[in-house]
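A.B. asks: Here it is, the structure in full.
Where a number appears in this text, it was derived from the coordinates with a stated rule and is not lab data. This one's a predicted model, so the numbers in the text were calculated from it and none came from an experiment. Methodologically, a virtual Cβ is constructed for each residue, glycine included, from the backbone with ideal geometry; neighbour enumeration extends over all protein chains shown.
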Amino acid sequence: MFEMRFHGRGGQGAVMASKILAKALAEEGHFVKAIPSFGFERRGAPVEAFLRFGDREIRQITNIYAPDCIVCLDPTLSKSVNIFNGINDNAVLVQATKKDASQLSIPDTVSRVGVVDAFGLAMDIIGRPITNTIMLGVFAKTTGYVSVESINKAMESVAFRDAALDKNIEAVAQGYEKTVIKELKGGSK
C-alpha cells in the first residue's frame, strides 16, 4: 500500500486534489481511500488530506502518520507546519515552489523530488492561486503512478463548468510538462 499526505492552505484545493487523484487511481484499477481532514475551515489555514492506494482492498480510514509521499501545494507552508513529520524512507516530495530542489530543506529520507512553479502557472492558466490540479500533473510525472489521461477523466466527473474544466486540464498538462525531478542520494534502502 502506498500512503500519501497532501498539505495546502484553505482555498488551494488540497482536499479536491485528493478526491480527483483517488478517482484517477481507481480508474487505473487501484483500490483507493481518500480521507479529508478539516480543522479550521478558513481560507489560508493549513489543510491536510490523506490518500492510500494499492492492489488490495483498503479498510483503514485513519489519518496517515508515515507517508510514502508528500504533496505540498504551498511553498510557504513548511515554515509553519512540519510537512515531513513521520515521512518514510525513500519517500517522494511533490512541491510547489519556484526554487530548485537543491535549494529546499529536505530530510535525508526523501529520495525523489518533483518541483514546479505552481503559483506562476496557476495565475497564468486559471487567474487565481489555486494549485491543486497543477500539482496532480507534477505527481503524475514525479511518480509515474497515474496517467494524465486518468486525471483528466476523473476531473470530468467533478463539478467543473466547461471553461473551468478546460483550464484545469491545461493546468494538469502544464504541471506535468514543467516539472523538474531530482533524484537525491538520501533515502535509506
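A.B. asks: Quick check: residue separation of residue 81 and residue 99 times 0.36 nm, minus the Cα distance between them. What number comes out in nm?
C.D. replies: 4.6 nm
A.B. asks: Ignoring chymotrypsin sites (Phe, Trp or Tyr not before Pro) that are buried or in helix or strand per DSSP, and keeping those with at most 11 other beta carbon atoms within 10 Å, what is the longest stretch of the chain between them?
C.D. replies: 66-189
A.B. asks: Using the Cα centre as the reference, give the magnitude of the dipole from point charges on the C-beta atoms of the stretch 2-183 (Lys, Arg: +1; Asp, Glu: -1; all else neutral), rounded to the nearest 20 debye.
C.D. replies: Around 500 debye, computed over the stretch 2-183.
A.B. asks: Could you work out the local net charge near residue 178, counting Lys and Arg as +1, Asp and Glu as -1, over the other residues with Cβ closer than 10 Å to its Cβ?
C.D. replies: Net charge in that neighbourhood comes out at -1.
A.B. asks: Please work out whether the stretch 49-118 counts as rounded, prolate or oblate from its C-alpha gyration tensor, where a ≥ b ≥ c are the square roots of the eigenvalues and a/c under 1.5 means rounded, while otherwise a/b larger than b/c means prolate and anything else oblate?
C.D. replies: prolate
A.B. asks: Run the paramagnetic zone check for residue 181: 7 angstrom along Cα to Cβ, then residues of the stretch 100-118 with backbone nitrogen under 16 Å.
C.D. replies: 101, 111-116
A.B. asks: A further question on this structure: Counting Lys and Arg as +1 and Asp and Glu as -1, what is the net charge of the other residues whose Cβ lies under 13 Å from the Cβ of residue 86?
C.D. replies: Charge balance near residue 86 sits at -3.
A.B. asks: Can you find, among 169, 143, 69, the residue sitting farthest towards the positive end of the charge dipole of the chain, where Lys and Arg contribute +1 and Asp and Glu -1 at Cβ?
C.D. replies: Looking along the dipole axis, the top candidate is 69.
A.B. asks: Separate question: Roughly what % of DSSP beta bridges within the chain run antiparallel, to the nearest 5?
C.D. replies: Here the share of antiparallel DSSP bridges comes out near 60 percent.
A.B. asks: With label points built 7 Å along Cα→Cβ from the Cα atoms of residue 123 and residue 149, find their separation and express it in nm.
C.D. replies: So the two model labels end up 3.5 nm from each other.
A.B. asks: Here is a follow-up. Name the long-range amide H neighbours of residue 50: under 5 Å, sequence gap of 5 or more, or other chain; modelled H, no Pro or chain starts.
C.D. replies: Correct list: 6, 35, 37.
A.B. asks: Where does the chain land on Rg(C-alpha)/(2.2 N^0.38 Å)?
C.D. replies: 0.94
A.B. asks: Say each of residue 90 and residue 55 gets a label point 7 Å from the Cα, pointing the same way as Cα to Cβ; how far apart are those two points in nm?
C.D. replies: 1.5 nm
A.B. asks: Residue farthest toward the positive end of the dipole of the chain, with Cβ of Lys/Arg at +1 and Asp/Glu at -1: which of 45, 114, 88?
C.D. replies: 45
A.B. asks: Let me ask something else about it. For a paramagnetic label modelled at 7 Å from the Cα of residue 62 toward its Cβ, which residues of the stretch 77-91 fall within the zone defined by backbone nitrogen distances under 17 Å?
C.D. replies: Within reach of a label on residue 62: 85-88.
A.B. asks: Between the stretch 111-162 and the stretch 5-70, what's the alpha-carbon centroid distance in Å?
C.D. replies: That distance is 14 Å.
A.B. asks: Relative contact order for the chain: what is it in percent, counting Cα pairs under 8 Å that are at least 6 residues apart?
C.D. replies: 23 percent
A.B. asks: Filter the DSSP H helices in the chain by two things, a Kyte-Doolittle mean of at least -1.0 and an axial alpha-carbon span of 15 angstrom or more, and list the hits by number.
C.D. replies: 14-27, 132-143, 162-178
A.B. asks: At a Cα cut-off below 27 Å, give the lysines reachable from residue 178, other chains included and same-chain residues fewer than 8 away excluded.
C.D. replies: Of all the lysines, those that pass the test against residue 178 - Cα under 27 Å, at least 8 places apart if same chain - are 19, 23, 79, 98, 99, 141, 153, 167.
A.B. asks: Continuing with this model, one more query. If you average the sequence gap of Cα pairs under 8 Å that are 6 or more apart and divide by the length of the stretch 1-94, what percent do you get for the contact order?
C.D. replies: Relative contact order comes out at 36 percent.
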